[in-house]
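The values are calculated or read from the model by the stated rules, or taken from the named source; none is laboratory data. Only a predicted model underlies this, so the values are computations on that prediction, with no experimental measurement involved. Here the Cβ is made from the backbone with ideal geometry for all residues, glycine too, and neighbour counts use every protein chain on show. Just so you know, the surface numbers come from the protein's heavy atoms only, side chains and all, with ligands and any DNA or RNA stripped out. Shrake-Rupley method; radii C 1.70, N 1.55, O 1.52, S 1.80 Å.
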Amino acid sequence: MSLLTVRSVNQSYGGSHTLWDVNIDVTPGSRTCLMGRNGMGKTTLLKCIMGLLPTTSGAITFRGSDIGNLSAENRARLGIGYVPQGRDIFPQLTVEENLRVGLGARKDRSRSVPPQIFELFPVLKKMLGRRGGDLSGGQQQQLAIGRALVLQPSLLILDEPTEGIQPNIVHEIGDVILRLNKEAGVTVLLVEQKLPFARRVASEFLILEKGRCVADGTIDKLTDAVVRDHLSV
Ligand SMILES: Nc1ncnc2c1ncn2[C@@H]1O[C@H](COP(=O)(O)OP(=O)(O)O)[C@@H](O)[C@H]1O
Ligand SMILES: [Mg+2]
């Protein structure tokens, strides 16, 4: 059974129809990479899954339950973590305060940040008192991922986590995604444009073109021909 399913989802921005009958099956334990050129609807789809944008039709289920009418906060409570594109941390708050923001949605109302987050990102522990806005881009991305993990999600959704980040941190982020998946059993759905990163990190892929799914499969099926047809600019 799928952990997350998206069935025939349509979405419009006003009169502009953006997602067309999109279907996705995210199997438990998988690492699915959502790909596609700029403006194809990847972020829009993730926002629909998170409840940050309304759909016009279709169904979204998580662990077999329809979540289509739940608020974004309630979807997060069910165990869906979200790292938005552009990181979106609070620049005026400290690292610790940014992490605590994520605790708001916890079921058990725990007030402490799980120590595993500092094992994954030792840099965050060193910088707990720094303001988010003073961190480097890569450190802000690590903070954004850490904030999503405070909820100990079973599904982690990341929107272009390596965008605009220096190569050594890109590699570290790849390591963290693989560790979370393999050691903590977290299922991953990510948007990624960098092909080597996608091939290293993902187990499955799915390509959106003008708001429609045009290709999917296990990552070994992401051949150069598929890349040429759907991803090259
Ligand atoms: N808030 C918005 N209002 C109107 N159109 C939007 C909005 N956000 C995105 N779009 C449009 O929807 C399409 C898909 O955008 P997006 O989901 O951000 O693409 P991607 O993440 O694949 O680059 C684009 O044509 C974009 O211009
Ligand atoms: Mg996007």
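Specify the inter-centroid distance of the stretch 18-43 and the stretch 167-209, based on alpha-carbon positions, in whole Å.
For the stretch 18-43 versus the stretch 167-209, the Cα centre distance is 14 Å.
Would you work out which of 18, 98, 230 lies farthest towards the positive end of the dipole of the chain, given +1 charges on the beta-carbon of Lys and Arg and -1 on that of Asp and Glu, about the Cα centre?
Toward the positive end, the furthest listed residue is 98.
What distance in nm lies between label points placed 7 Å from Cα along the C-beta direction at residue 212 and residue 225?
2.1
Debye sum, Cα scatterers, the stretch 57-145, no solvent: what log₁₀ I/I(0) at q = 0.14 1/Å?
-0.57
Per the 1.4 Å probe, what fraction of the accessible area of the chain, in percent, lies on carbon and sulfur atoms? Provide the component values of the computation, followed by the final result.
Values: 5400 of 10630 Å².
It is 51 percent, rounded to a whole number.
Return the long-range amide H neighbours of residue 18 (sequence gap of 5 or more, or a different chain), with a cut-off of under 5 Å between placed amide H atoms.
11, 12, 13
Please report, in debye to the nearest 20, how large the charge dipole of the stretch 130-225 is about its Cα centre when each Lys and Arg carries +1 at its beta carbon and each Asp and Glu carries -1 there.
Values: 11 positive and 13 negative charges, 40 e Å.
In debye, rounded to 20, the stretch 130-225 gives about 200.
Tell me, what ³J(HN,Hα) does each residue in the stretch 45-55 have, in order and in whole Hz, if you take phi through Karplus 6.51 cos²θ - 1.76 cosθ + 1.60 with θ = phi - 60° and put x for Gly and Pro?
Result, rounded to whole Hz: 5, 4, 5, 5, 4, 7, x, 8, 9, x, 9.
Of 30, 68, 79, which is farthest along the charge dipole of the chain in the positive direction, counting Lys and Arg as +1 and Asp and Glu as -1 at C-beta?
79
List every residue whose amide H lies under 5 Å from the amide H of residue 191, counting only residues 5 or more places away in sequence or on a different chain, with H placed 1.01 Å from N in the peptide plane.
34, 158, 159, 160
Rounded to the nearest 0.05, what FRET efficiency is calculated for residue 23 and residue 125 with R0 set to 45 Å and r the Cβ-Cβ distance? Spell out each step's value before the answer.
Numbers: r = 41 Å, r/R0 = 0.91.
For residue 23 and residue 125, the calculated efficiency is 0.65.
Per residue, how much accessible area does the stretch 1-99 have with a 1.4 Å probe, in Å²?
Details: 4380 Å² over 99 residues.
On a per-residue basis, the stretch 1-99 sits at 44 Å².
Which residues in the stretch 145-167 place their backbone N less than 18 Å from a point set 7 Å from the Cα of residue 1 along the Cα-to-Cβ direction?
Flagged as within label range: 154-155.
Residue by residue through the stretch 161-176, which ³J(HN,Hα) values in whole Hz follow from phi under the Karplus form 6.51 cos²θ - 1.76 cosθ + 1.60 (θ = phi - 60°), with glycine and proline marked x?
Calculated HN-Hα couplings, in order: x, 9, 4, x, 10, 5, x, 5, 6, 4, 5, 4, 5, x, 4, 5 Hz.
Quick one: putting +1 on the C-beta of Lys and Arg, -1 on the C-beta of Asp and Glu, what dipole do you get for the chain around its Cα centre, in Debye to the nearest 20?
Numbers: 28 positive and 23 negative charges, 100 e Å.
Its charge dipole is roughly 480 debye.
Averaged per residue, what accessible area in Å² does the stretch 114-162 show with a 1.4 Å probe, protein chains only? Walk me through the numbers on the way to the answer.
Values: 1700 Å² over 49 residues.
It amounts to 35 Å² per residue over the stretch 114-162.
Tell me, what does the Kirkwood hydrodynamic radius of the chain come to in angstroms if you use every pair of distinct C-alpha atoms? Could you put the intermediate results ahead of the total?
Details: mean 1/r = 0.0556 Å⁻¹.
Value: 18.0 Å, from the Cα pair sum.
Answer with one residue from 153, 166, 9: the one whose Cα lies farthest towards the positive end of the charge dipole of the chain, charges on Cβ with Lys, Arg +1 and Asp, Glu -1.
153
Return the Rg/Rh ratio of the stretch 122-175 with Cα-based radii and a Kirkwood Rh. Can you show the working numbers first?
Numbers: Rg = 11.2 Å, Rh = 11.9 Å.
So for the stretch 122-175, dividing Rg by the Kirkwood Rh gives 0.95.
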